[in-house]
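Participant: Quick one: the structure is below, questions incoming.
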């Protein structure tokens, strides 16, 4: 996928996240011309300071013990993580405490807190919105194994999750020998992953930033945010605090209705009371008489409306168009006999799954290749223009500035090699029947080549290009039989974005050694808190269950989609549904549609974000596109005119962060009450 760059804005010299104008979207020549603007933004510091100290340690404990349980609970109940709210809340809390203690947080300390909150509150699992570290993946793995099609669950190895009839799964506890292989593999994979991304990301940074002097147009945004918060620490009031507070109050009020009431009533009632159905109101079964095979409904989370305010309008409009297209095309396909998987009476998730099998999976694969093709074409144009302007490539490391805390590049390459060899050995042990040369190709050839391409792409334009279906294609074409390969820790990764992370570190004047210390602190805190909170929440209630509405709706749907791919490397009846889902003519149609629509929009000087939004919408359940489009219309037609384009672009990300923070705070209070009450009710006296 492509990620557009953000540029500066703001009256009074303040910086903001202002998207490019509609006319600039998708025009490589203009993007290259704008590089001069981004170069002007970059002010490389002359002095580097340590950002890791006792405040950072307190920040890690705060995020781990306060933010993590709230983020876990929000993900299970409403499918929403704390996301940027964890970073904002941590930084603002420590900033305010420091002000009242007559202390000042430096820019370096604020960035390290930001970095740590981002790492400890990150999510896994895509649409699952699972946060909470390593054990979140294990919870999902045991559910995935328990809900496998008949005969396939037995093929899942014990290093993924224990079998469903295990005492450890039936009693919902990690403290059992049946879990030890899966926990050991998860910890080992996490360590190898952190070593690999840090070491190779640093090497890429030295190549494309120090060596090639690429501008990294997105990097100043985060750096300027840390600078603004550092100024706030010196008692300089900013607009960010006011907007964040407004969003927080909105989140608190809505969170009481959407999160607190269902959570608290689940303690005393057999079925939680939901004023608004979570996560959507489903009309599918009621409309199937005149819209057969079409999923109809509307999402009920106000956060989706705010997402529509934040995202570019034409991106959201494209996603809404995709939702309308499925509602129109699915009934036509069903009437003409092209949707044999759908049956009357199916609710939303089953209807979307059936439509995916018969139409949209293959078409979506084609559009994914269209995005990759367009990204590679734009990359070639950008490189050509960059070369014309004198920004030439070359494997040169440059001279790092004094005091930045740099490491020996060859030593970092050695660490990456050791981590990649570790991946290869681990895969060879876990899936000995899979050809090891594929793993070697992934780790030592494809990963570094793709990472370098993306590091230059991000360094030049702020855009990211992904090559789709590499993992799936190689597993299927290799002829391997078995589902274990889909769970193996394959060293297939893209570290290009990490070069920008190091550039952000540099622009904030933070020593790289601070980040190393932060990583060493984050891992044990994350591991312990993840085990503690996931163990406790899982012990209180089965996951998913009626107490977790989003998980109950979405986990089964996601498992169906994953097992569809896993069945591709099996034999017999399980593979039949995969073969039925893969339609080459629909893949070609998706590719032609994506490239053709981009070309037409570009030729007519129309916003090409429409096609990217359309492709994004094909992967969404249509119910979420409606509130997002409502938010986009409100922002585009009224609010941006009421408050001004520049102000509105600056305010919406902060407003959304405050909203998620408010909902997170309500979620944390609700879960605290629930955990205490459930603990008391389970006591034997």
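Every number here is computed from the coordinates shown, using simple stated rules; none is lab data. It should be emphasised that the depicted structure is a prediction, and the values quoted were computed from it without experimental measurement. Here the Cβ positions follow ideal geometry from the backbone for every residue, glycine too, while neighbour counts run over all protein chains shown.
Participant: Could you list 253, 409 in order of exposure, starting from the residue whose Cβ has the fewest other Cβ atoms within 10 Å?
Facilitator: Working: 253 14, 409 17.
Lowest count first: 253, 409.
Participant: Distance in nm between label sites at residue 535 and residue 175, each 7 Å beyond Cα in the beta-carbon direction?
Facilitator: Taking the two extended label points, one gets 0.6 nm.
Participant: If you build the convex hull over the alpha carbons only and average its shadow over all orientations, what do you get for the range 498-586? Give it in nm² to one decimal. The partial results should precede the final answer.
Facilitator: On the way: hull surface 45.8 nm².
Averaging across all directions leaves 11.4 nm² for the Cα convex hull.
Participant: Here is a follow-up. Could you please state, rounded to a whole Å, how far the C-alpha centre of the range 416-431 is from the C-alpha centre of the range 301-342?
Facilitator: If we compute the Cα centre of each part, the gap is 41 Å.
Participant: Determine, for 661, 529, the number of other Cβ atoms within 10 Å of each Cβ, and report the residues in order from fewest to most. Can you show the working numbers first?
Facilitator: Working: 661 28, 529 24.
Ordered from fewest to most neighbouring Cβ atoms within 10 Å, 661, 529 come out as 529, 661.
Participant: Let me ask another. What is the distance, in nm, between label points placed 7 Å from the Cα along the Cα-to-Cβ direction at residue 47 and at residue 249?
Facilitator: Taking the two extended label points, one gets 4.0 nm.
Participant: Could you tell me the distance between the Cα centroids of the range 627-644 and the range 144-204, to the nearest Å?
Facilitator: About 44 Å separates the Cα centre of the range 627-644 from the one of the range 144-204.
Participant: What ranking of 63, 676, 307 emerges when the number of other C-beta atoms within 10 Å of each C-beta is taken as an exposure proxy, fewest first?
Facilitator: On the way: 63 27, 676 11, 307 20.
If I rank by nearby Cβ atoms, fewest first, I get 676, 307, 63.
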